[in-house]
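A short write-up of the structure that comes next.
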Amino acid sequence: MIDTTTRRADALDALRGLAILLMILSGAIHYIIPLPAWMYHAQVPPPAFIFNPNLPGITWVDLVFPFFLFAMGAAFPFALSKKIENGTPQWKTVLQILQRGVLLVWFAIFIQHIKPFSLHPEPTMLDWLTGLLGFALLFTMFLRLPQTLTVWQRAVVKCIACGAAVLLLAVLQYPQGGGFSAGRSDIIIIVLANTAVFGSLLWLWTRNAPLVRLGILGVLFALRLTQNIEGSWNHWLWMQTPVPWAYKLYYLQYLFIVLPGSIVGDMIYAHLHSPASENAKPHTGGMSILLGLMTLIVVTTVAGLFMRLTTLTLMADVSYAACAFILLSNEKSVIGQHYKQLLCWGIYWLLLGLCFEAYEGGIKKDHPTVSYYFVMDGLAIMTYIALSVVVNVFRGRRAAALLIENGQNPMVAYIAGATVVMPVMAICGIDGMIAMIPQAPWVGLAKGIFITAMVALLTSYITKRKWFWIT
């Protein structure tokens, strides 16, 4: 019998973990001798790796950030419903959401200052040690300290760590000249901070009215389509920002991924909190086919749009989706009906994105097109369904444990590669040994896989020890 009483969405953690580890892998692959173009961002192709905003298409690399944003949006009901159930006043919840945004901005600024490759293109021993020190300070600043400590004790520990971090930033110097700058930040985390704050607030105020949430998305869509009309108030509003290093309305276009994620999160939350059914066990053969169809949709869409076979991609996706829908229409189990509900939304967003594919010169991640947002929504839902089948139907939690544990501690995984794994490799001479191997594309790939694996294992260990960072 399928257990639907658990309050932890392991498949959602697995989706987040998959996104963060693939993000690390994509950044750890060396560019010395290029791999095939589909191993890199579609708009930064080999061999020159020069950004070309007019080049349409996507690769697997272009999935990882939107998948992470989607998983964040889907987690809103889990994080915020608990506060509501505990009777936390709304003003206090809003204050906590704003505090989270400030912490994420601080995280984005601090990590960009202490990454060894930010300190020097060819880091010295001091730069590697600075990265390790920065990780130690991050660990202290963001660790959820045990409740056995008093409020004052926890505050003192955090203040000491923050003070040490500020002192470190005050003495560091950079190749571009100068020292600390609020504008030197990790853009991925800055976007995350903006969408986390506004997405959380919108979910909180529309938690019982998802249609209102979609209506707000429609207003944002209108602004996105008209923001480039110079002289209009739309353009003026799009360009306004009181603190350009922390907020831009431009970043909020990623709510096209976060808010659909929050609607899916509502469905997952309701499903996991519904009573288990006597008829809860699905047909495993059908679920195997569903897993295959979800995988085919993701692979076909990415490969087809990369190769610019847009019509064939649309036809193939419609065929696979129709097969999945017919399969689930005959499924009477609770989880099967849940998958059918998710599939309908996944099909809608994917087809909407494919309908917009020709707009703005074809789908692109940079600069993000309308098609990109909606296609990513659809593919994220399909990937979630596939992971849920593995974890919840086939009892594959142990097989997916590494993804789940990294998804439960994503900030650790995000920064551990640059500030722990790579410094340790350099200090221990592993980098030097790799450099002695004749350069070939597989060497760069193998090094990227090794770094990603070390990050995954380190984060898994930290998670198992229940050393969770505030996210």
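Here are the numbers for this structure:
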item	result
Those residues of the stretch 421-459 which are surrounded by 21 or more Cβ atoms within 10 Å (Cβ to Cβ) and farther than 22 Å from Ile33 by Cα, in sequence order	Val421, Pro423, Val455, Ala456, Thr459
Residue match in the stretch 327-342 (condition: within 26 Å of the chain's Cα centre (by Cα), surrounded by fewer than 19 Cβ atoms within 10 Å (Cβ to Cβ) and either without any contact (Cβ under 8 Å) to a residue 40 or more places away in the chain or under 20 Å from Gly265 (Cα atoms) (or both))	yes
Tabulated pairs, the stretch 176-200, first touching a residue at least 24 places away in the same chain (Cβ under 8 Å) and assigned to a helix (DSSP H, G or I), second surrounded by 22 or more Cβ atoms within 10 Å (Cβ to Cβ) and among the hydroxyl-bearing types (Ser, Thr, Tyr), C-beta under 8 angstrom, 6+ apart or interchain	Ile189/Tyr414; Val191/Tyr254; Asn194/Tyr254; Thr195/Tyr254; Gly199/Ser262
Filtered residues of the stretch 308-326 (kept if closer than 19 Å to Ser371 by Cβ, among the hydrophobic types (A, V, I, L, M, F, W, C) and free of Cβ contacts under 8 Å to residues at least 40 places away in the same chain)	Leu309, Leu312, Met315, Ala316, Val318, Ala321
Condition met for Gly361 (in contact with a Phe, Trp or Tyr (Cβ under 9 Å, 6 or more places away or on another chain), of a type outside the set (A, V, I, L, M, F, W, C) and modelled with pLDDT under 95)	no
Qualifying residue in the stretch 432-441 (condition: part of a helix (DSSP H, G or I), under 28 Å from Ile189 (Cβ atoms) and not aliphatic (A, V, I, L, M))	no
Qualifying residue in the stretch 282-291 (condition: part of a helix (DSSP H, G or I), within 18 Å of Leu350 (Cβ to Cβ) and in contact with a helix residue (DSSP H, G or I) (Cβ under 9 Å, 6 or more places away or on another chain))	yes
Set Thr471, Thr463: member being among the hydroxyl-bearing types (Ser, Thr, Tyr), over 28 Å from Pro36 (Cα atoms) and not in a helix (DSSP H, G or I)	Thr471
Cross-chain or 6+ apart pairs with Cβ under 7 Å, the stretch 220-248 first and at positive phi, then at pLDDT 90 or above	none
Among residues of the stretch 179-217, those that are of a type in the set (Ser, Thr, Tyr) and either crowded, with 22+ Cβ neighbours inside 10 Å or closer than 13 Å to Phe107 by Cβ (or both), counted	3
Within the stretch 43-70, tally of residues that are closer than 24 Å to Leu387 by Cβ and of a type in the set (A, V, I, L, M, F, W, C)	10
Scan of the stretch 349-389 for residues that are surrounded by fewer than 19 Cβ atoms within 10 Å (Cβ to Cβ), in a helix (DSSP H, G or I) and of a type outside the set (Ser, Thr, Tyr), ordered by number	Leu351, Leu352, Cys355, Glu360, Gly361
Filtered residue count, the stretch 422-471, keeping only those that are of a type in the set (S, T, N, Q) and on the phi > 0 side of the Ramachandran plot	0
Residue list for the stretch 390-413, filter: surrounded by fewer than 24 Cβ atoms within 10 Å (Cβ to Cβ), part of a helix (DSSP H, G or I) and small (Gly, Ala, Ser)	Ala401
Test for Arg144: is it more than 25 Å from Ala426 (Cβ to Cβ), within 25 Å of the chain's Cα centre (by Cα) and surrounded by 11 or more Cβ atoms within 10 Å (Cβ to Cβ)	yes
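The values are calculated or read from the model by the stated rules, or taken from the named source; none is laboratory data. The model shown is predicted, which means the values in this text are computed figures rather than measured ones. Note that each Cβ is placed from the backbone with ideal geometry, even for glycine, and that neighbours are counted across all protein chains shown.
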